[in-house]
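S.K.: Dumping the structure here so I can ask a few things about it.
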Amino acid sequence: MSKLTEDERRDLADILSSPELNDPRVHADREVGQQLADFFRKDMPDVDEVVIGRVFLRTAVTMTQLGDAGMPLEQIANIFTLSALDLTALELARGIEALPEPAPRDDPAAPEG
């Protein structure tokens with residue numbers, strides 16, 4: 001069974017067959033894209049690279065749609081950051097529960113800062 005949906009497979013095939021992909025101006029983008037893919041393969045070895053690719057594809061489509069709708073890049077970045085927080089909230093909560101309580105500010109043993 002394929003790890004890609006039929007829609008994803010079709011979308012990626014369309015991209016691969018696009019004449020724009022062979023435009024010399026896209027060559028630098030392709031190199032940076034390959035470097036980014038290599039970074040994520042190394043940075044997240046526990047995550048299947050097809051899953052990473054699927055997330056990147058959906059992210060790229062969403063970013064393009066939001067940008068085409070006139071949304072500023074900073075707001076798009078904020079939306080994706082908040083989405084990441086939402087997706088990781090339970091894991092973050094488990095990590096926070098495991099942290100020691102901070103020392104009260106009036107405590108002379110509390111580090112200054």
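Table: residues versus (1) in contact (Cβ under 8 Å) with a residue 12 or more places away in the chain; (2) surrounded by 12 or more Cβ atoms within 10 Å (Cβ to Cβ); (3) not in a helix (DSSP H, G or I).
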site	(1), (2), (3)
28	no, no, no
33	no, yes, no
42	no, no, no
59	yes, yes, no
67	no, yes, no
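S.K.: Another question, if that's okay. With respect to residue 77, is the statement that it is modelled with pLDDT of 95 or more, exposed (fewer than 10 other Cβ atoms within 10 Å of the Cβ) and of a type in the set (A, V, I, L, M, F, W, C) true?
M.R.: No, not satisfied.
S.K.: Does any residue of the range 69-85 turn out to be closer than 21 Å to residue 5 by Cα, over 12 Å from the mean Cα position of the chain (by Cα) and in a helix (DSSP H, G or I)?
M.R.: no
S.K.: Taking the options 86, 68, name whichever one is farther than 22 Å from residue 41 by Cβ, among the charged types (D, E, K, R) and at pLDDT below 95.
M.R.: Matching residue, one of 86, 68: 86.
The values are calculated or read from the model by the stated rules, or taken from the named source; none is laboratory data. Just so it is clear, the model here is predicted, and its values are computed rather than measured. With ideal geometry, Cβ positions are generated from the backbone for all residues, glycine too; neighbour counts draw on all protein chains shown.
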